[in-house]
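A.B. asks: One structure coming up, written as structure tokens, with questions to follow.
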Amino acid sequence: MFKIATWNVNSLRVRLPHVLDWLDAERPDVLALQETKLQDRDFPLDAFRQRFYHALHAGQKTYNGVAILSRLPISLIADSFPGFDDPQRRVLHAQAGAIQVLNIYVPNGSEVGSERFEYKLRWLGHLRRYTAGLIAAGAGFAVVGDFNIAPAPEDVHDPATWEGRVLFSMPEREAFSGLLQQGLVDCFRIFPQAPGGYTWWDYRAAAFRRNLGLRIDHILASPALADRCRSCRIDTGPRGLERPSDHAPVMAEFET
DNA sequence: ATGGTAGTTCAACTA
């Protein structure tokens with residue numbers, strides 16, 4: 001089995017102990033990280049090397065930053081979408097063993113109708129064009145990361161309240177379903193899941209304790225890869241630790 | 001339409 005995981009760590013500097021403990025416990029073949037908030041020179045490469053992980057990082061000071069850790073040697077395919085010159089580091093596409101991983105940190109969008117929201121939709125348009133190219137090329141790949149989109153009412157603790165708000169608005173959900181229409185498969189929904197499966201909980205108002213969350217972190221598989229998916233689950237464990245990220249890791253296993 | 005918390009950086013911004 002080949003295990004792929006994704007985790008928005010909201011500062012790798014602060015979360016490194018959690019990430020290392022989790023790596024030791026789960027030993028995923030690939031772990032995609034978002035919001036490292038580090039420049040490349042501050043990336044803790046040695047800590048990962050000691051655990052026999054190769055790593056790539058597209059870093060940025062203060063905001064964003066994406067990384068891929070891999071037990072097999074990893075090679076960079078792209079760290080941006082062609083024709084979209086974006087100073088924000090949100091994309092890392094790499095070959096890890098036999099499969100390609102496209103790690104994304106989709107813009108949050110701030111508020112529906114805002115400048116940042118338009119940037120989010122524009123960004124999602126470039127993503128869609130990029131994945132269309134990968135599918136046309138017949139690549140076996142996974143698109144993983146923080147999509148900042150809850151695709152359906154089952155992915156939202158209170159859909160009525162969230163209706164029309166950023167992370168759950170129709171334009172965002174349509175962008176997500178556009179990816180599924182291309183043939184990408186939401187691995188979490190391949191399998192029966194207990195209700196209330198979320199990946200993000202606001203730090204405020206004891207949201208995690210009350211499970212007031214959203215499922216906005218996803219693992220999408222290309223058609224051929226999806227046929228080999230054998231499990232997908234959210235690990236809420238790290239969200240309950242001291243000084244947690246506001247996101248939980250998601251992982252999927254694929255027949256090799 | 002605001003508040004609640006967290007991270008980075010140092011008053012304010014992003015999430």
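No lab work stands behind these numbers, since they all come straight from the coordinates. Every value quoted in this text rests on a predicted model; they were computed, and no experiment measured them. Don't worry about glycine lacking a Cβ; one is built from the backbone with ideal geometry, like all the others, and counts go over all protein chains shown.
A.B. asks: Quick one: divide the alpha-carbon radius of gyration of region A:92-144 by 2.2 N^0.38 Å and tell me what you get.
C.D. replies: Dividing the Cα Rg of region A:92-144 by 2.2 N^0.38 Å gives 1.33.
A.B. asks: Exposure proxy check: A:37, A:61 ranked by fewest other beta carbons within 10 Å? Before the final figure, lay out the partial values.
C.D. replies: Numbers: A:37 21, A:61 11.
Ascending number of Cβ neighbours within 10 Å: A:61, A:37.
A.B. asks: Sorted from largest down, what three extents in whole angstroms do the Cα atoms of region A:1-103 have along their principal axes?
C.D. replies: 38, 32, 19
A.B. asks: For region A:16-31, just list the computed ³J(HN,Hα) in residue order, Karplus coefficients 6.51, -1.76 and 1.60, θ = phi - 60°, integers in Hz, with x standing in for Gly and Pro.
C.D. replies: 3, x, 5, 5, 5, 4, 5, 4, 5, 6, 9, 6, x, 5, 9, 10
A.B. asks: When the Karplus curve 6.51 cos²θ - 1.76 cosθ + 1.60 is applied with θ = phi - 60°, which whole-Hz ³J(HN,Hα) does each residue of region A:230-238 get, with x for Gly and Pro?
C.D. replies: 10, 6, 8, 8, 9, 9, 7, x, x
A.B. asks: Moving to a separate point now. Residue A:61: which lysines have alpha carbons under 24 Å from its alpha carbon, excluding same-chain residues fewer than 8 sequence positions away?
C.D. replies: Partners within reach: A:37, A:120.
A.B. asks: Using each residue's phi in region A:37-46, evaluate 6.51 cos²θ - 1.76 cosθ + 1.60 at θ = phi - 60° and report the 3J(HN,Hα) Karplus result to the nearest Hz, with x for Gly and Pro.
C.D. replies: 6, 10, 6, 4, 5, 9, 5, x, 4, 5
A.B. asks: Same structure, new question: Need the C-alpha centroid separation for region A:78-110 versus region A:231-256, integer Å.
C.D. replies: Each part reduced to its Cα centre gives a spacing of 21 Å.
A.B. asks: Sticking with this one: Express in whole angstrom the spacing between the alpha-carbon centres of region A:16-35 and region A:205-226.
C.D. replies: 17
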